[in-house]
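Each value in this text was obtained by applying a stated rule to the coordinates, not by laboratory testing. Owing to the predicted nature of the structure, the values given are computational and were not obtained by experimental measurement.
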Amino acid sequence: MKKRYFSSGYHAFKSYKRYLRKRARLIKSGIISGVKFKFLNKRIENLKLFLSAI
């Protein structure tokens with residue numbers, strides 16, 4: 001899998017917020033398992049680590 005690196009914290013923060021909104025929509029619709037939900041959680045965790053390092 002190709003890793004995505006951000007050139008600035010601004011773009012990473014925008015992506016982080018976007019993934020949080022997508023995950024909230026899935027939770028609201030009752031989907032809390034599955035590939036898409038796991039993918040979003042992994043992306044959110046990776047972005048959180050990236051942003052905390054900045």
Rounded to the nearest 500, the 222 nm mean residue ellipticity computed for the chain from DSSP H runs (n ≥ 4, each -39500 (n - 2.57)) alone is -25500 deg cm²/dmol
Enumerate the calculated ³J(HN,Hα) couplings along the range 27-43 in order (Karplus 6.51 cos²θ - 1.76 cosθ + 1.60, θ = phi - 60°), each rounded to whole Hz, writing x wherever the residue is Gly or Pro.
-> 5, 5, 7, x, 9, 10, 9, x, 5, 5, 5, 5, 4, 5, 4, 5, 4
